Every structure is written in structure tokens, then in C-alpha cells.
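Peer 1: Can you keep this structure in mind? I'll have questions shortly.
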Amino acid sequence: MEPDRATIWPYDERGEPGRFSYARYAHPAGVAAEERLGALEGGDALLYSSGMAAETAVLLAFARPGASVALAEGAYWGTAVMMRDLARWGLELVEYDQTKPAPASDIVWVEAPANPVLTLPDWEALRAHPGLVVCDATISTPVYLRALDEGADVVVHSATKYLCGHHDALLGATVTRDPAMTARLLELRGRIGSQAAPDAAASLLRGIETLDERMARITSTAKELARRLAAHPSVRRVRYPGFAGVISFDVVDPRAVETRTRLIVNATSLGGETSTIESRHRWEGDRIPVGLLRLSVGLGDVDELWDDLEQALATA
Ligand code: PLP
């Protein structure tokens with residue numbers, strides 16, 4: 001369905017703004033998609049122009065100059081880069097092993113699972129941490145994790161990935177259960193202008209309709225591919241958390257493998273119906289193993305995907 005793309009709505013007969021007045025604050029497709037996502041997460045969702053815009057809004061809303069952030073090691077590279085950039089504003093960043101208790105900090109930022117090293121956070125330790133707990137649940141989606149139930153104060157998503165699911169929309173989200181936090185984020189989003197586009201919100205509504213089915217199929221294919229990869233002589237190590245579609249595996253020459261796949265697209269990003277593969281070293285440098293390939297399994301046939309991987313690995 002076509003979303004309402006208006007940026008203005010008339011005031012009422014008394015000259016008062018109604019539910020919608022100016023799209024930077026709220027628009028119909030955004031509110032409809034926020035209600036659907038909020039229901040899945042068990043909280044109040046807000047949408048942003050990208051996952052990074054959602055993350056930045058969380059920091060601008062809840063961090064003060066001099067605030068310390070303990071970020072999961074091996075979490076999305078762009079998150080670490082953005083946080084390092086905010087050092088100019090007094091943000092102190094430490095990276096820590098999220099499988100262990102977090103160091104003392106104002107904010108603990110975990111990723112469940114971390115992209116691309118696929119570790120999972122220690123929820124018991126997080127529940128005992130006095131700081132604000134933010135969980136990036138992009139790879140889990142609410143199908144496999146309701147992070148607010150686990151103890152997170154704020155959930156963030158790159159909805160660009162599985163939630164929209166077709167590599168054709170850029171979108172971010174936050175979800176909280178605390179009305180004051182949601183109000184603060186809403187106020188800030190309107191002020192800084194990081195509202196999502198109506199078309200991206202409509203893409204989320206479409207994506208949520210098929211989310212369960214897509215995640216079930218992607219998981220079953222990824223489990224099988226992870227099993228076959230682990231048995232392949234050219235693969236040195238496989239990381240797979242057992243759900244969703246991201247598999248990281250190490251080979252000697254990742255460029256040789258990624259440039260030889262045919263069905264699996266050699267491109268960045270993850271979570272779409274099309275499978276993608278890339279060497280993360282080109283972006284992240286020595287932060288991750290040189291030979292690490294991140295495969296995002298899509299909706300293709302398991303045997304066809306395996307044939308493609310096998311022929312690419314054979315030439316490596
Ligand atoms: N969080 C994770 C786990 C991601 O993988 C990404 C993007 O790759 C982001 C956040 C940033 O999202 P976006 O690209 O929608 O800004």
C-alpha cells in the first residue's frame with residue numbers, strides 16, 4: 001500500500017494541530033509501523049532515518065559530556081566508529097568482552113549477537129549493572145530475542161536488515177518501556193530531524209508481515225550451511241549462534257572466495273532475501289580476523305547456496 005507522503009496536515013477549525021501536523025515530528029506510516037514493532041518488542045518503538053540515526057539519538061538523549069560507554073567488542077564497526085567520533089564531545093569509550101560482566105560505565109552497549117563475531121551478551125551480569133543497558137538486536141529481531149524482557153533499557157535496530165528484509169529501505173528503530181525515555185527520544189528526534197521516511201516505514205510494515213516465515217526459513221538454511229561449512233577443508237573456523245542468517249567463517253584468502261560466488265552477492269549489509277557475502281577486513285582492519293567472511297543467508301534454496309559456496313571455496 002502507498003504510504004501518505006505528505007509533510008504537512010492542516011490545523012483543525014480552531015487552528016490547533018491534530019495528530020499529524022509536520023512530518024518531522026510524526027507521520028501516519030511511521031506511527032503505524034511503530035505500533036507494530038512496539039507490539040513485537042513489548043515496548044514503545046520510534047523510527048529513524050537509519051540504524052545509525054537511532055543509535056546517535058540514544059547517545060544524544062542519554063549520555064552527558066564525560067559519560068563512559070562500555071561497548072561489546074566486535075560489535076558493528078560503524079557503532080564503534082561513531083562512538084569514537086563522539087570522543088570530541090567527551091564520550092569515553094571502552095570495548096569489552098560481552099560474554100563477561102561489563103566494566104563500570106554509565107552506558108553498557110551490547111549487541112545480540114555481535115556483528116560479525118557473533119558473541120552473545122551475559123544477560124545475568126547486565127541485569128546487575130547499574131548503568132543504562134542498550135541492546136542492538138538487529139540480527140536477532142524480536143523473533144529470537146525480546147531484549148527488554150532480558151533486562152535491556154533500550155533496544156536499537158538497524159531495521160534496514162531483517163525487519164524490512166529486502167535491501168530496499170534504510171531504517172532504524174529504538175524501543176523502550178519507560179515513557180519518560182520514549183518522550184525524550186521523540187522530542188530529540190523531532191529536534192534533530194532524524195525521522196524515518198514514510199516509504200521506509202511502509203517497508204517495515206510489509207517486512208513485519210513475513211518476518212516469522214522469513215526468519216524460520218533463513219535459520220533452517222543457515223544452520224545447514226554452517227554445518228557444511230564446518231566440515232569443509234578450506235574453512236578454518238565457523239561462528240554461528242544457532243539462529244538467524246549471519247554466519248562468519250575464516251578462510252586463508254577471503255577475497256578469492258567472495259569474488260567467486262555467483263548466486264551469493266559480493267556486497268555489504270545483511271538481512272535481506274538475497275544472500276550476501278563480504279570480507280569484513282576491508283572495513284574493519286585488524287579489529288577482526290583477516291580471513292573472516294561474513295555470510296548473510298537469504299531465502300534461496302539451501303543446496304543451490306551450498307553449490308555456490310563450494311565452487312567458490314574450491315578455487316580459494
Ligand atoms: N547495527 C548493526 C548490528 C548493523 O549491522 C548495522 C549496519 O550494518 C547498524 C547497526 C547500522 O544500521 P544502518 O546501516 O541502518 O544505519
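Peer 1: Just in region 13-118: which trypsin sites (Lys or Arg not before Pro) are loop by DSSP and have at most 10 other Cβ atoms within 10 Å?
Peer 2: For trypsin sites (Lys or Arg not before Pro) across region 13-118 that sit outside H, G, I, E and B with at most 10 neighbouring Cβ atoms in 10 Å, the list reads 14, 19.
Peer 1: Same structure again: Rounded to the nearest 20 Debye, what is the dipole magnitude of region 28-209 about its Cα centre when Lys and Arg each give +1 and Asp and Glu each give -1 at the C-beta?
Peer 2: 340 debye
Peer 1: Sorted by mean Cβ packing within 10 Å, highest first, what order do the peptides 290-296, 210-216 take?
Peer 2: Highest-to-lowest ranking by the protection proxy: 290-296, 210-216.
Peer 1: Provide Rg over Rh for the chain; use the alpha carbon set for both Rg and the Kirkwood Rh (inverse mean inverse pair distance).
Peer 2: Looking at the chain, the ratio lands at 0.99.
Peer 1: Okay, next question. Using +1 on the beta carbon of Lys and Arg, -1 on that of Asp and Glu, and nothing else charged, what's the dipole of the chain about the Cα centre, debye to 20?
Peer 2: Dipole about the Cα centre, nearest 20: 540 debye.
Peer 1: Here's something else I'd like to know. In region 259-316, which GluC sites (Glu not before Pro) are in a loop and have at most 13 other Cβ atoms within 10 Å, using DSSP for the loop call?
Peer 2: none
Peer 1: Under a point-charge model restricted to the Cβ atoms of Lys and Arg (+1) and Asp and Glu (-1), what is the dipole moment magnitude of region 211-314 relative to its Cα centre, in debye to the nearest 20?
Peer 2: For region 211-314, the charge dipole is close to 400 debye.
Peer 1: Put +1 on the Cβ of every Lys and Arg and -1 on every Asp and Glu Cβ in region 28-209; which of 208, 167, 90 then has its Cα farthest towards the positive end of the dipole?
Peer 2: The listed residue farthest towards the positive side: 90.
Peer 1: How many nm separate the modelled label positions at residue 125 and residue 85, each set 7 Å beyond the Cα in the direction of the Cβ?
Peer 2: In this crude label model, residue 125 to residue 85 measures out at 2.9 nm.
Peer 1: Also, I was wondering about something else. Taking 7 Å along the Cα-to-C-beta vector as the label spot, tell me the residue 303-residue 35 distance in nanometres, rounded to one decimal.
Peer 2: With each label placed 7 Å out from Cα toward Cβ, I get 4.6 nm.
Peer 1: Now a separate question. What shape does region 12-166 have by the C-alpha gyration tensor, where a ≥ b ≥ c are the square roots of the eigenvalues, rounded means a/c under 1.5, and otherwise prolate means a/b greater than b/c and oblate the rest?
Peer 2: prolate
Peer 1: Give the average over all directions of the projected area of the C-alpha convex hull of region 211-314, one decimal, in nm².
Peer 2: Value for region 211-314: 5.8 nm².
Peer 1: Report the gain in length on full extension from residue 209 to residue 14: 0.36 nm times residue separation, minus Cα-Cα distance, nm rounded to one decimal.
Peer 2: 66.3 nm
Peer 1: Right, something else. Charges on Cβ only, +1 for Lys and Arg, -1 for Asp and Glu, centred on the Cα centroid of region 191-316; of 245, 220, 300, which one is farthest towards the dipole's positive end?
Peer 2: 245
Every read-out reported here was derived from the displayed coordinates using simple, explicitly stated rules and does not represent laboratory data. These figures come from a predicted structure and were not determined experimentally. With ideal geometry, Cβ positions are generated from the backbone for all residues, glycine too; neighbour counts draw on all protein chains shown.
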